[in-house]
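The values are calculated or read from the model by the stated rules, or taken from the named source; none is laboratory data. Just so it is clear, the model here is predicted, and its values are computed rather than measured. Virtual Cβ from ideal backbone geometry, glycine too; neighbours counted across all protein chains shown. SASA here: full protein model, heavy atoms, side chains in, ligands and nucleic acids out. Shrake-Rupley method; radii C 1.70, N 1.55, O 1.52, S 1.80 Å.
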Amino acid sequence: MPSGRRGTAKAGESLLEAARRLGVEIESICGGRLTCAKCKVRIEEGTFPKHGIRSAPAHVTMISDKEHDLLTRTNGHGANGHGSDECRLSCSAYIQGDVLIYVPEESRAHKQVIRKAATNRIIDVDPAIRQVYVEVEQAELGDHRGDWGRLQSALHAQWGLSDLAIDLPTLRRLQPALRQENWAVTVTLWHEREVIDVRPGYQEGIYGLAVDIGSTTVAGHLCDLRTGEVLATESMMNPQVAYGEDLMSRVSFAMGNQPGLDKMQNAIIDTLNSLATRAARAVGLQIRDIHDAVLVGNTTMIHILLGINPQELGGAPFALANRDALDLKARALNLRFHPGAYVHILPAEAGHVGADNVAVMIAEEPYRQTATTLIVDVGTNAEILLGNRDILYSASSPTGPAFEGAQISFGMRAAPGAIERVRIDPTTWAARFRVIGEDRWSDEWPDPAGAPVEHQARHLAAGICGSGIIEVVAEMYLAGIILGDGRFNPHRLHKRVLWQGRRGAYVLATGEQTGSGEPILVTQDDVRNIQLAKAALYAGIKLLMNRAALKAVERITLAGAFGSFIDPHYAMILGLIPDCDPECVSAVGNAAGDGARIALLNRRKRDEAARYAREVTYVETAIDPEFQNEFVGAIHIPHASDDFPHLAHILVDPRPHTAPAGNDDKRSQRAERIRARQSRAGAT
């Protein structure tokens, strides 16, 4: 973790060697000579049902004296016998049993590519935090109001503010602040109800942080609360992936296991503090300069953040501990913001549709649109919104981590070397692909044996990320490698397809095109896992369309970091989304993060979020009797029965189930159409 790569290691193999063999590059400047201490990893302890293993620090060799001394010098403290509470050096820990390894960010040679930038939006800036400058009457004999009373009088007289409270840490700093600049101070107010900071004299500068806590990634935007400007954006992997890639795995890890809950809560709090510190330092500020924050995330993430066991979300009736918005002191969560800072958590809609979906809703505002819009935030747990100014429905679908490269034989998260784009020739079945970090397609790479170093590919293929797996499965279907039901086509033998009994595997990248020297395959199980994931999402969408009595939608919006990098064309071919005019399908980036930023910069949007979180009609997919039928139909590519008229020029049969006899002419005609499309795509 967090790359999600897995495999079998030999007993006695070092963690560093095993990681590299799996395509996970760990920093090691000294080449395993125990001098650099750059290859630190953490060995997780516990049972992980999702992976079918029990991991423990004792499943690697004992720490040596040399490793212990090096860790002591670099960390400032030592490790115990197995390093259960410490990092280990992967070059010096040799495998003796099943292990789940977390590679910290500083140890990763190829850093994760996290695509959650803020998008340009028009926002009316009216934050919950406000600064005012006041001149206060000096204390005199006979005036018994106290300095806080004098400040209240000045705020009322000069700014019309009354009925104010003051935060205790601010009260402690009040008297020296008043006397430092001749009884003139700058006061920071929260919702014009509480004084949370007092600074001597006239001082400008109020800052806030908007954070989307995703199941896989955490993205934060540091904003100037006076101008609304995004000063810095920082993203990090959610370290909880080590305890479970999907939500139910994390619920299981916390159920009846207080240490498990504490581990996950501490992990996300540490990540939020690190992210805020990095964002502040990037613009010459300190984390203590942050006075307000808005946090969003799915219901499981919010429960864990608050230290609430999410076990009730693990089964019907999926009861929330709290549905409403929360305003908490940041210090109550051990967040190292300004001592008086507040954290606002947007409301949830229901058991599995949380503050992140509400954030998407206030960012995209389907309730103000005349066109019926489908909004899909694709991730480990997909959130779905459907509506317009007259109707509004929501649901969640447990798609699992397959779209992010997990549960895929050669899957990996988005990082340099990950295959992200794929094109397959429908006649030769040869693949050309593009990897993250390399602008050229694979068929443009020069021969490494004869090309100068500067012309060689910067990154060979290491695995397949989410956008790549969607494209390769769709292309395999278009080329006739797999059938509509997901099975490999048994009617055409080809060197690009390897057979083991009745199960096929497609050679996407040859050994010469990969960093490991081993081919990258797309197996029958990989195809099946993608089918299951896309069927869960499509079935959730269909449930909402059925409730709204809709046969089609007018617009589709793909949200989230992953949704923004899916080619909508391939998403429709795969059957991930229903048929729609391609011109009306768009990606909006990290809409949840944008919604958090909107709520940070405009307090009225917080009220709007609370209103529509209660007005939306939530559909519980987990217990809906129609879900199973919709799910079964959606397993086919693109669908067993639904029409896709906008794909009619590409598909031989919009509802293919098997390889029909005598279809060669149609296949050839389609091949010509695909070649033309690929030619256009190549130019793009």
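In this structure, the pairs whose alpha-carbon distance is over 31 Å, taken from 50/551; 38/534; 495/534; 495/542; 495/551; 40/534, are 50/551; 38/534; 495/542; 495/551; 40/534. Here's the picture: a label point sits 7 Å out from the Cα of residue 459 along the beta-carbon direction, and within the stretch 540-569 the residues with their amide nitrogen under 20 Å of it are 561-567. For residue 194, the residues whose amide H sits under 5 Å from its own are 165, ignoring neighbours fewer than 5 places away on the same chain, with H placed 1.01 Å from N. Working from Cα pairs under 8 Å separated by at least six residues, relative contact order for the stretch 481-609 is 16 percent. Per-residue ellipticity at 222 nm computed for the chain from its helices equals -9000 deg cm²/dmol, with DSSP H segments shorter than 4 residues left out and the rest contributing -39,500 (n - 2.57). Approximating the spin labels as points 7 Å out from Cα along Cα→Cβ, the residue 390-to-residue 528 distance works out to 4.5 nm.
Remark: spin-label model distance residue 138-residue 502 equals 9.5 nm, labels positioned 7 Å along the Cα→Cβ axis. Using the average count of surrounding beta-carbon atoms within 10 Å as a protection proxy, the listed peptides 514-522, 311-319 rank, highest first, as 514-522, 311-319.
The dipole here belongs to the chain: it is taken about the Cα centre, uses +1 on the Cβ of Lys and Arg and -1 on the Cβ of Asp and Glu, and is about 1300 debye. Computing FRET efficiency as 1/(1 + (r/R0)^6) for residue 65 and residue 105, where r is the C-beta to C-beta distance and R0 is 35 Å, gives about 0.80.
In the context of the full set of protein chains, the chain has a per residue accessible area of 41 Å² (1.4 Å probe).
Look at the alpha carbon pairs under 8 Å that are at least 6 residues apart: their mean separation over the length of the stretch 559-649 gives a relative contact order of 41 percent.
A protection proxy built from the mean count of other Cβ atoms within 10 Å ranks the segments 21-27, 33-39, most packed first, as 21-27, 33-39. By the combined test of axial Cα extent (at least 18 Å) and Kyte-Doolittle hydropathy (mean at least 1.0), the qualifying DSSP H helices of the chain come to 466-479. Residue-normalised convex hull volume from the C-alpha trace of the stretch 462-575: 122 Å³ per residue. With a Förster radius of 41 Å applied to the C-beta separation of residue 13 and residue 306, the computed FRET efficiency comes to 0.50. In plain terms, the chain from residue 121 to residue 607 could stretch by 173.0 nm, reckoned as 0.36 nm per residue minus the Cα-Cα distance. Projecting the Cα atoms of 123, 165, 384 onto the charge dipole of the chain (Cβ charges, centred on the Cα centre) puts 384 farthest toward the positive pole. With contacts taken as Cα pairs under 8 Å and at least 6 residues apart, the stretch 352-402 reaches a relative contact order of 34 percent. Simple spin-label estimate for residue 554 and residue 447 gives 5.8 nm between the two label positions (7 Å along the Cα-to-Cβ direction from each Cα).
The fraction of accessible area contributed by carbon and sulfur in the stretch 550-600 is 53 percent, rounded to a whole number (1.4 Å probe; ligands and nucleic acids excluded). Of the two radii for the chain, the radius of gyration is 1.01 times the Kirkwood radius, both from the alpha carbons; that is the Rg over Rh value. Taking 0.36 nm per residue of sequence separation and removing the Cα-Cα distance, the residue 430/residue 643 pair yields an extension gain of 73.7 nm.
Put simply, when 320-329, 99-108 are sorted by average Cβ atoms within 10 angstrom per residue, most first, you get 99-108, 320-329.
Scale the Cα Rg of the stretch 554-621 by the rule-of-thumb value 2.2 N^0.38 Å and send over the ratio, two decimals. Dividing the Cα Rg of the stretch 554-621 by 2.2 N^0.38 Å gives 1.35.
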